[in-house]
Amino acid sequence: MTVGLDLRSERERVARACRPGQPVPEFAYSSAENALWSRVFATLRSMHEQLACADYRHAARLVRLPADRVPQLGEVSRTLVSLTGFRLAPAIGSQPGRLFYGPMADGILHATPDVRPVTEQAFSPDPDVIHELVGHAVILADPEFAELYRCFGRAANEATADEARMAIARLFWFTLEVGVVAEQGRPRAYGAAILSSVTEMESFVTADLREFRIADILASDIDDSICQPVLFVADSIGRMMTEVKNFLRTRIGS
């Protein structure tokens, strides 16, 4: 337990010492943390073959996350830079509002290097390195998804009203966190929160799956402490992206 706390404190110190523009530092992980990553990643990777959208599966083959250890943010960041120009920046815990979305406009995703507790290995309500890398980083290897993240960043930087900021948060949540698309007549996940959680992957197909309508999304509540009970299913990734980008551009001003 002490070793784990010491490692977590050291990762926090290293992350806080990293300045914008500096190379992503190396983070230390225990053998127990590497083992947890291996267990969760192996389970998720098997589930992705059946339940993840085609774009995600293709991106995962490009990123090639290691199965036997927690990946370093720096190595994944270098891969993303070579593919889409996106890069990772270390952060501790959840980043509030604009501090999380805004840097995406410049192709920067703030990501925590911490590992979820073993008691939360199937479902973690807080962001951790599994969520950041298995969920967000993989899909950022896809150029169209990377551009959608940038669109959210531009919208967040231009939003001035609380209503607009709330709309951005809800739309991001119900797409890039818990997004679902219909492929070959079946629901497939593309959202990071689903793709990085064994429990979410097991349960999203039996959630209340509704037609993708932005107006309905904006009227829906977010609860990231549980598996999202209501999900919105787009009939294609292309349609979802077009509608979201149009909304961000015309209603928010990105």
Check: If we count every other residue with Cβ under 14 angstrom of Phe41's Cβ, Lys/Arg +1 and Asp/Glu -1, where does the sum land?
Finding: 0
Next item on the list: Could you pull the Cα extents of the chain along its three principal axes, largest to smallest, in whole Å?
Entry: 48, 37, 32
Notebook entry, point to check: Which FRET efficiency, nearest 0.05, do Asp235 and Ala42 yield, Cβ-Cβ r, R0 41 Å?
Noted result: 0.80
Item checked: Solvent-accessible area per residue for the chain (1.4 angstrom probe, square angstrom) -> 45
Next item on the list: Give me the angle, in degrees from 0 to 90, between the Cα long axis of helix 31-51 and the longest principal axis of the Cα atoms of the chain, rounded to the nearest 10.
Entry: 30
Item checked: Helix 237-247 axis, angle to the chain major axis (alpha carbon atoms, nearest 10°) -> 70
Checklist line | Cα centre as origin, Lys/Arg/Asp/Glu Cβ charges: the range 45-187 dipole, Debye | finding: 240
Next item on the list: Find out how many positive minus negative residues lie around Asp68, taking Lys and Arg as positive, Asp and Glu as negative, among other residues whose Cβ is under 13 Å from that of Asp68.
Entry: +3
Checklist line | Within a Gaussian network of the chain (alpha carbon springs, distance under 10 Å), most fluctuating of Ala189, Ala207, Ala155 | finding: Ala207
Notebook entry, point to check: Which angle between 0 and 90 degrees, to the nearest 10, do you get for helix 143-158 versus the longest principal axis of the chain when only C-alpha atoms count?
Noted result: 80
Check: So how far apart, in nm, are the two label points at Ala161 and Cys18 if each is 7 Å from Cα heading toward Cβ?
Finding: 3.7
Next item on the list: State the extension gain, in nm to one decimal, for the chain segment bounded by Val198 and Glu144, taking 0.36 nm per residue of separation less the distance between their alpha-carbons.
Entry: 16.9 nm
Check: Once the piece of chain linking Arg8 and Arg210 is laid out straight, how much longer is it, given 0.36 nm per residue of separation minus the C-alpha distance between them?
Finding: 68.7 nm
Next item on the list: Would you pull out the residues with amide H under 5 Å of Asp142's amide H, same chain only if 5 or more places away, H placed 1.01 Å from N?
Entry: none
Notebook entry, point to check: Over the range 23-252, what is the percentage of antiparallel beta bridges among all DSSP beta bridges, to the nearest 5?
Noted result: 25
Next item on the list: Kindly provide log₁₀ I(q)/I(0) values, in the same order as q = 0.16 Å⁻¹, from the Debye equation applied to equal alpha-carbon scatterers of the range 1-99.
Entry: -0.88
Notebook entry, point to check: For the chain, which whole percent of the accessible surface, found with a 1.4 angstrom probe, sits on carbon and sulfur atoms?
Noted result: 51
Check: Which of Pro25, Leu80, Leu51 sits closest to the plus end of the dipole of the range 1-122, meaning its Cα is farthest towards the positive end, when Lys and Arg get +1 and Asp and Glu get -1 on the C-beta?
Finding: Leu80
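The values are calculated or read from the model by the stated rules, or taken from the named source; none is laboratory data. In this text, all values refer to a predicted model and were calculated from it rather than measured experimentally. Glycine gets a Cβ as well: all are built from the backbone with ideal geometry, and neighbour counts include every protein chain shown. Protein only, heavy atoms only, side chains kept; ligands, DNA and RNA dropped before computing areas. Shrake-Rupley method; radii C 1.70, N 1.55, O 1.52, S 1.80 Å.
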